[in-house]
Amino acid sequence: MDTVRSENYPRKVSYPEAAGEIAIALGPVHQGRSVVTDWIDTGLGMGRAQLTLAQIDTDGFEKGPIRSERLLFGNADIFDEADYVPACPKIRYAAAYETSSGRFRIAIRFKKAYTGGTIRFYWRASKEVSPEDREKEEGRTVRQDHFYIENPPRYLQTGRKYTFRCHLPQDAKAGQIKWTVTGGSIDSYGCFTAPDQPGIFEVKAGLEGTDLTTSVYVMVRG
């Protein structure tokens, strides 16, 4: 089973809960292939937690294109005979949660061939804590000082422009961000110009004066 890189975009949720969005950029995948993500940190630390996962669908149809994103829990195939037609790839997935670290990873098996793109999951974890620990940690915000790209696109067309934004740690400024990209070009404000050739490219941001870096993979289509 191949390991694939995932990008985690945490959301601010009060301890002992955490939530976020995961983006997994993939090229073409054959039917029956299985992949597993790298470890994804919830920020909750040691202890048992309940983990919920849902696929994010933004391109489905229900008597026309859906007007807002939908979260798919469980087996999306159940909708095959309904008016709603999800645009998510046909997959089975499971998650393994490591109680010693508060990390998890997702294993995915493709029921049908996948032409490539970005698969997105919404996740939420709730940790078991005693009343004493809850009172002690009251007001804590999980991962509030992390540095990450907060608006990765699902894909871009060749030659199109797109401006990336970063979630900054406390006291950091946007002028500290240094952008690089493996294809096309990107300016100091995070404005990316997609190359003329399709492909998957890495957009990377570094925070000047620190060792913090973050990156996302972007699929460019012709």
Qualifying residue in segment 65-72 (condition: in contact with a Lys or Arg (Cβ under 9 Å, 6 or more places away or on another chain), farther than 16 Å from Ala125 by Cα, in a strand (DSSP E or B) and assigned by TED's automatic domain parsing to the domain that holds Thr99): no
Tally, over segment 38-63, of residues that are more than 17 Å from Ser6 (Cα to Cα) and either outside any strand (DSSP E or B) or charged (D, E, K, R) (or both): 11
Close pairs from segment 86-105: first outside the structural domain of Gly47 (by TED's automatic domain parsing) and of a type in the set (A, V, I, L, M), partner modelled with pLDDT of 95 or more and assigned to a loop (DSSP other than H, G, I, E, B), Cβ under 8 Å, at least 6 apart: none
Residue within segment 56-68 that is surrounded by 17 or more Cβ atoms within 10 Å (Cβ to Cβ), hydroxyl-bearing (Ser, Thr, Tyr), over 28 Å from Lys204 (Cβ atoms) and at pLDDT below 90 present: no
Residue within segment 11-24 that is basic (Lys, Arg) and within 19 Å of the chain's Cα centre (by Cα) present: yes
Candidates Ala87, Ala113, Ala76 - the one that is modelled with pLDDT of 90 or more and among the small types (Gly, Ala, Ser): Ala113
Number of positions in segment 170-209 that are without any contact (Cβ under 8 Å) to a residue 24 or more places away in the chain and either surrounded by 11 or more Cβ atoms within 10 Å (Cβ to Cβ) or assigned by TED's automatic domain parsing to the domain that holds Gly27 (or both): 9
Scan of segment 40-62 for residues that are closer than 19 Å to Tyr93 by Cα and among the aliphatic types (A, V, I, L, M), ordered by number: Ile40, Ala49, Leu51, Leu53, Ala54, Ile56
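The values are calculated or read from the model by the stated rules, or taken from the named source; none is laboratory data. Remember, predicted model here, so these are calculated numbers, not experimental data. All Cβ positions, even for glycine, are placed from backbone atoms using ideal geometry, and neighbour counts span all protein chains on display.
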